Protein chains: 4
Amino acid sequence: MTIVVTGFEPFAGLDYNPSARVLDLLPNEIAGHEVARFVLPVDSARIAIDLEALPLPGAAAVIHCGLAQDRPVISLERIALNLLDFGDRPDNAGKIERDREIVAGGALALPSRLPVRAVLEAWRRAGIPSIASTSAGTFLCNQCFYLSLARLPKEVPCGFVHLAPDEKLAMRYRSPYQPLAVQAEAIRIAIEVTLEARA
Amino acid sequence: MTIVVTGFEPFAGLDYNPSARVLDLLPNEIAGHEVARFVLPVDSARIAIDLEALPLPGAAAVIHCGLAQDRPVISLERIALNLLDFGDRPDNAGKIERDREIVAGGALALPSRLPVRAVLEAWRRAGIPSIASTSAGTFLCNQCFYLSLARLPKEVPCGFVHLAPDEKLAMRYRSPYQPLAVQAEAIRIAIEVTLEARA
Amino acid sequence: MTIVVTGFEPFAGLDYNPSARVLDLLPNEIAGHEVARFVLPVDSARIAIDLEALPLPGAAAVIHCGLAQDRPVISLERIALNLLDFGDRPDNAGKIERDREIVAGGALALPSRLPVRAVLEAWRRAGIPSIASTSAGTFLCNQCFYLSLARLPKEVPCGFVHLAPDEKLAMRYRSPYQPLAVQAEAIRIAIEVTLEARA
Amino acid sequence: MTIVVTGFEPFAGLDYNPSARVLDLLPNEIAGHEVARFVLPVDSARIAIDLEALPLPGAAAVIHCGLAQDRPVISLERIALNLLDFGDRPDNAGKIERDREIVAGGALALPSRLPVRAVLEAWRRAGIPSIASTSAGTFLCNQCFYLSLARLPKEVPCGFVHLAPDEKLAMRYRSPYQPLAVQAEAIRIAIEVTLEARA
């Protein structure tokens, strides 16, 4: 089977997105499953279509990754909300959604299908500072997370990881950061723990 | 009818809680309704009982207030989660809850019953910096918010406002702050807008 | 005699500078002295010349004000450094200075000529959250501060106050802020305490 | 000759200090010079005496290290001030100094005797996010920095590096951090660049 890991293209004036770059740092195989990598558009109208085209339904696990510029360390999302609200920040197609449902009439919230507590514990044992988050925001990250939870069969483990800025972004913006290699290792551990919990 | 506004007792070593102090700054009457003020315990086992004792079901509006020490301005919560997770921070009874439902078998999330967009717009027009939040946390604030949404009749407008530190906390901790009088005015506006929307 | 208070023009893409807007909120007279207001250019080459043209040498007090976007409350600077280093942020003339002295051969540092402790205490008594700072940065604020200390007769009280973002900036950037009226009152108090200390 | 690197004992309720732990991660020899490590007390009265006992005057370089809990990455200090002001935070002996000179009648400020720009450039080339700082604070770090600059012969390169929280502190306090191994490598580079500049 395949493990699908996705990142996003750049947005908000950045010239790269750590969530896409982290894909290259993942091993090609985890626990005997091939790792397949995809970069998603930051385009609210297109992302629903692009996600449909990915081999998600039969995957061993689906891990979506995105960037949280204002968090100092990697965070594991517990909840996806049926809500888009971009504030004053358009997506890459120039569109601003406001107070809109992602799936009309869908549940207000869907829980991550990763073993959240086990992943957080494994990160702690590995000495990786991290955050358990109850909000993936109301932008493209949350849209992608909610769409996959709403569409995929319940037996496919599916979750969302927010990355912190990496060293390259930190050098440009003097922001807090977590080394990208550490964040890649955290993703690898999350997948491993997820597959173990499923077995 | 009565407008019920609640705050919390002190916690985490603070000697007062701005969410309790703000109650004294509210007018006694808003749009012809009396304002009733209550201070809730930061005690996960007791709060469910104490809330039952309050005159909430017949209220014109119920606004719960709590302190978010790490936010620079007042925030309006959109969503309550059916989740308690105190991390390593016990409540005032010394208890730590972890990955526990607030209402067994209840909905994962419940939406605020305030007119969120209208309140945010009114705050903006009044020149009050504010945040729209999609996470009230997983501590007592969220517990109180979720319990009221789960228990109160749907026609009672009910919501949660997180206060930023006030000037007194800022002087002690050198944190960002928003003047308590400004936050009190924001609460008054929220109530007014809520009653108008209901009328 | 005259009390001179200066602010700066906008920079870094802002369409106004709170340090210029605050000037309008000051009283016209403090302790019998007229308040004269000037807005300085964010232009490293011009500021030395423009400062020369101001009536500073015979002033009762000189208070320079500038914006510190990353500080949550007003701060009183204790020290001016003989150093310009703009990093990657040009001034409004597009120039970047690096590791350059402001006054060739001048002292490395000059102390504020305001009664720093007395001002901080007065702010505290007035309930105004504030910071005592030992670095005015290495941009135009520090240049203006150092130039005045280097040039003015020792008997002219002279100092620098960094403003925090005001409510208008906070609404745009969701940053921490301190109400501009509170910051104006802090400047008025600083002047009053300075004149008393001098008397 | 010997390269002297110092850290500090724990303070402010921490059970260890990354500036002491980092010493163990340095190589035993840099550019042919032995690395000697010392941990200094957070005791304002004792530190002047303890520094006297160290083999600093004949050292090839002296690098003092301390912790800046509120900075996300390692910072290189440019300036030591002749000022102690502990605010409301006592040293480990319970003493609070306020507006006191470190060396009576000494210069207000002394510049770092490291090749600051060259070190910052070397850190940048090595991909290590860092900050150039113009304030080492007014606590023990600045006291130690100022004392060494005031006492050591001018030909001894001497400077101060503020460490960010490391991964262990980040796990406890959920603060931003920089891996301690990265910070140790930054210190090694600073020493190497300093010795080259001197040669």
### Summary
Inside segment C:58-85, the number of residues satisfying the requirement of being under 19 Å from C:V22 (Cα atoms), open to solvent by 20 Å² or more (accessible area, probe 1.4 Å) and among the acidic types (D, E) is 1
### Matching residues, segment B:93-110, being among the acidic types (D, E), open to solvent by less than 70 Å² (accessible area, probe 1.4 Å) and free of Cβ contacts under 8 Å to residues at least 40 places away in the same chain
B:D99
### Task
Look at A:A68 and say whether it is touching a residue at least 60 places away in the same chain (Cβ under 8 Å), small (G, A, S) and within 14 Å of chain D (Cβ to nearest Cβ).
yes
### Query
Got at least one residue in segment B:69-86 being within 25 Å of A:I131 (Cα to Cα), touching a strand residue (DSSP E or B) at 6+ places or on another chain (Cβ under 7 Å) and of a type in the set (K, R)?
yes
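Is it the case that some residue within segment B:114-130 is closer than 30 Å to C:A170 by Cα and under 14 Å from the mean Cα position of the chain (by Cα)?
yes
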### Message
Only one of D:R113, D:R174, D:R188 is open to solvent by 10 Å² or more (accessible area, probe 1.4 Å) and free of Cβ contacts under 8 Å to residues at least 40 places away in the same chain. Can you tell me which?
### Response
D:R174
### Message
So, restricting to strands (runs of 3 or more DSSP E) that lie completely within segment C:96-199, which ones have at least 3 residues that are more than 14 Å from chain B (Cβ to nearest Cβ)?
### Response
C:109-111, C:158-163
### Task
Looking for whichever is over 13 Å from the mean Cα position of the chain (by Cα) and hydroxyl-bearing (S, T, Y) here; the options are A:T6, A:T2. Which one fits?
A:T2
#### Entry: Selection from segment D:12-29 of residues that are within 17 Å of the chain's Cα centre (by Cα) and surrounded by 12 or more Cβ atoms within 10 Å (Cβ to Cβ)
D:Y16, D:N17, D:P18, D:S19, D:A20, D:R21, D:V22, D:L23, D:L25, D:L26
### Task
For B:V182, work out the one condition from (1) under 28 Å from B:D85 (Cβ atoms); (2) open to solvent by 10 Å² or more (accessible area, probe 1.4 Å) it doesn't fulfil.
(1)
### Query
Is it the case that C:A48 is of a type in the set (A, V, I, L, M) and open to solvent by 70 Å² or more (accessible area, probe 1.4 Å)?
no
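Only one residue in B:D70, B:D88 is farther than 27 Å from B:P153 by Cα and more than 18 Å from the chain's Cα centre (by Cα), so which one is that? Explain how you work it out, then say what you get.
Details: B:D70 fails: more than 18 Å from the chain's Cα centre (by Cα).
Answer to the selection: B:D88.
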### Task
Quick one: B:T6 ticks every box in (1) out of contact with any Asp or Glu (no Cβ under 9 Å at 6 or more places or on another chain); (2) closer than 13 Å to B:A184 by Cα; (3) open to solvent by 20 Å² or more (accessible area, probe 1.4 Å) except a single one, so which number is it?
(3)
### Task
Mind telling me which of the residues B:P55, B:P90 ends up being out of contact with any helix residue (DSSP H, G or I) (no Cβ under 8 Å at 6 or more places or on another chain), touching a residue at least 40 places away in the same chain (Cβ under 8 Å) and surrounded by fewer than 16 Cβ atoms within 10 Å (Cβ to Cβ)?
B:P55
### Query
Condition test on B:E34, is it over 22 Å from A:A132 (Cα atoms), open to solvent by 10 Å² or more (accessible area, probe 1.4 Å) and more than 17 Å from the chain's Cα centre (by Cα)?
yes
### Task
Please find, among C:E29, C:E52, the residue that is more than 19 Å from C:Y146 (Cα to Cα) and among the acidic types (D, E).
C:E29
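Please go through segment A:153-171 and give me each residue that is of a type in the set (D, E, K, R) and either touching a His at 6+ places or on another chain (Cβ under 6 Å) or open to solvent by 20 Å² or more (accessible area, probe 1.4 Å) (or both), ordered by number.
A:K154, A:E155, A:E167, A:K168
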### Task
Please name all residue pairs, on different chains or six or more residues apart, with Cβ atoms under 8 Å, provided the first residue is in segment B:134-160 and is under 18 Å from B:A197 (Cα atoms) and among the basic types (K, R) and the second residue is open to solvent by less than 20 Å² (accessible area, probe 1.4 Å) and at pLDDT below 95.
none
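The values are calculated or read from the model by the stated rules, or taken from the named source; none is laboratory data. A quick note: this is a predicted structure, and the numbers were derived from the prediction, not measured. When we count neighbours, we look across all protein chains shown, and the Cβ atoms used for this are built from the backbone with ideal geometry, even at glycine. Heads up: the accessible areas ignore ligands, DNA and RNA and are worked out on the full protein's heavy atoms, side chains in. Shrake-Rupley method; radii C 1.70, N 1.55, O 1.52, S 1.80 Å.
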